[in-house]
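All of the numbers you see were taken from the coordinates with simple rules; none came from a lab. It should be emphasised that the depicted structure is a prediction, and the values quoted were computed from it without experimental measurement. Positions of Cβ are backbone-derived with ideal geometry, glycine not excepted, and every protein chain shown enters the neighbour counts.
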Amino acid sequence: MFKLLILSCTIVSLLTTSIRADDWPHWRGPARNGQSTETAWLDQWPADGPRVAWKAKVGLGFSTFVVAKGRVLTTGHADGKDTVFCFDADSGKLLWKHSYAAELGDKYFEGGATGTPTIDGERVYQLSRWGNLFCLDAASGRVAWSKNLQQEAGVRVPDWGFSGAPLVHGNLLILNVGDAGMALDKTSGKIVWQSKNKEAGYSTPLPVSRGNETLVLLGSRQSYVAVDALTGKEAWRHRWLTQYGVNAADPIVQGDLVFICTGYGKGAAMLKTGAGQPQELWKTKVLRTQMNPAVLLDGHLYGVDGDSTSPASLKCLEFATGAEKWEHSNVGSGALIAAGGRLIVLTATGELMVAPASPASFKPTARAQVLRGKCWTSPMLANGRIYCRSVPGDVVCLDVRKP
């Protein structure tokens, strides 16, 4: 009987571990590349679309979702406040919310919340557009610590406000704040290192292992830069001028190759990194990504070309050369992720599509109109559910679990 009990507990533990392996606890997913290894989900739907598990309203914003331990978090703006929302993944029940005073910030665009939270164990970290930084208890939303980086560190806020999600690296919380990032002690909020007080870009810090050290890659207003995660010491910098300083899309890394891509007609480049400054291998205007990064699968990039100022389409490029393989129009400033070798695309007008990730063509196996209005936020898949939101703050959770 005792052995059976131990065996039962082991099976339950393995099942729990399997479920949690499909969580999406931070921006761009478990491997920070916009991909999930999850395969137990439906890529073909009835004519009326996948089953809607639940809906919610979270206010104006562009934040995507993070999921861990059955909790779903996102942010939005309403009535002069930004709010971090935490929902139950199964039912959509609001578990808690944390609100704080915030400007709408509607200069150049609608305004609202832009940053995505980061879940780290039993803590949630959130950086607002105006430099409000919070460490919250994941179960209750209680504030463990908070600070305003404008007031306490005198940091300069970029034109559109901060938008990159916090990166947890060991005991450090690394932010795209300043010319080349900032790091704080994640337990206390004490500043450990910071860069020059210049305007940041809008990407999320991306950790990359290089031998025994970890570099963090991020976009500043005028460059893409790599710094030592522990000290902030600059390893390299590649000057990259995009209109309005919008270096927003995260780099995509494979070995010593770093792909960078921005919108407003700028385009993309492949960098070869190593000792010294990066070498630019090639440049192209075939892909011009304004906000959400492309995904890299089997030697090919899949991403949105164009931005909110012009028609935008979905494209496939060969990673090694930048050669265009195909184009699918009428996507607009939407976004995509990948899971199990399939693309999950949310168009700018709220149509959700699923298609095999193939350099031959884009042939959806499923499509449905899941939202109305402007949709610029990346969809997210976790534990057999796809989460989508619109800019006004309509949220839909779609149950695509296999029976």
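The residues of the stretch 254-267 that are in a strand (DSSP E or B) and surrounded by fewer than 21 Cβ atoms within 10 Å (Cβ to Cβ), listed by number, are 254, 257, 267.
Within the stretch 197-215, the set of residues being part of a strand (DSSP E or B) and within 24 Å of residue 62 (Cα to Cα) comprises 200, 206, 207.
Only one entry of 294, 366 meets the criterion of being surrounded by 18 or more Cβ atoms within 10 Å (Cβ to Cβ), within 18 Å of residue 265 (Cα to Cα) and hydrophobic (A, V, I, L, M, F, W, C), and that entry is 294.
Of all residues in the stretch 288-326, those being part of a loop (DSSP other than H, G, I, E, B) and over 19 Å from residue 108 (Cβ atoms) number 10.
If you go through the stretch 90-117 and keep only what is closer than 24 Å to residue 22 by Cα and under 19 Å from the mean Cα position of the chain (by Cα), you end up with 115, 116, 117. Selection over the stretch 232-252 of residues that are buried (at least 22 other Cβ atoms within 10 Å of the Cβ) and in a strand (DSSP E or B) gives a count of 1. Restricting the search to the stretch 132-154, which residues are touching an Asp or Glu at 6+ places or on another chain (Cβ under 9 Å), surrounded by 15 or more Cβ atoms within 10 Å (Cβ to Cβ) and part of a loop (DSSP other than H, G, I, E, B)? Result: 138, single match.
Residue 73 meets each of the listed conditions (1) of a type in the set (A, V, I, L, M); (2) touching a Phe, Trp or Tyr at 6+ places or on another chain (Cβ under 7 Å); (3) surrounded by fewer than 17 Cβ atoms within 10 Å (Cβ to Cβ) apart from (3). Taking the conditions (1) over 21 Å from residue 193 (Cα atoms); (2) surrounded by fewer than 20 Cβ atoms within 10 Å (Cβ to Cβ) in turn, residue 157 satisfies each one other than (1). Within the stretch 336-376, can you find the residues that are of a type outside the set (A, V, I, L, M, F, W, C), out of contact with any Gly (no Cβ under 7 Å at 6 or more places or on another chain) and assigned to a loop (DSSP other than H, G, I, E, B)? Matches in the stretch 336-376: 340, 341, 358, 359, 361, 363, 364, 365, 374.
Among the numbered conditions (1) under 20 Å from residue 141 (Cα atoms); (2) part of a loop (DSSP other than H, G, I, E, B), the only one that residue 85 does not meet is (2). Checked against the criterion of being closer than 20 Å to residue 61 by Cβ, under 22 Å from the mean Cα position of the chain (by Cα) and small (Gly, Ala, Ser), the candidates 161, 178, 170 yield just one match: 161.
Please determine, by comparing only the residues of the stretch 96-112 that are surrounded by fewer than 19 Cβ atoms within 10 Å (Cβ to Cβ), among the hydrophobic types (A, V, I, L, M, F, W, C) and touching a residue at least 24 places away in the same chain (Cβ under 8 Å), which one is nearest to residue 346 (Cα to Cα). Looking at the filtered set, the residue picked out is 109.
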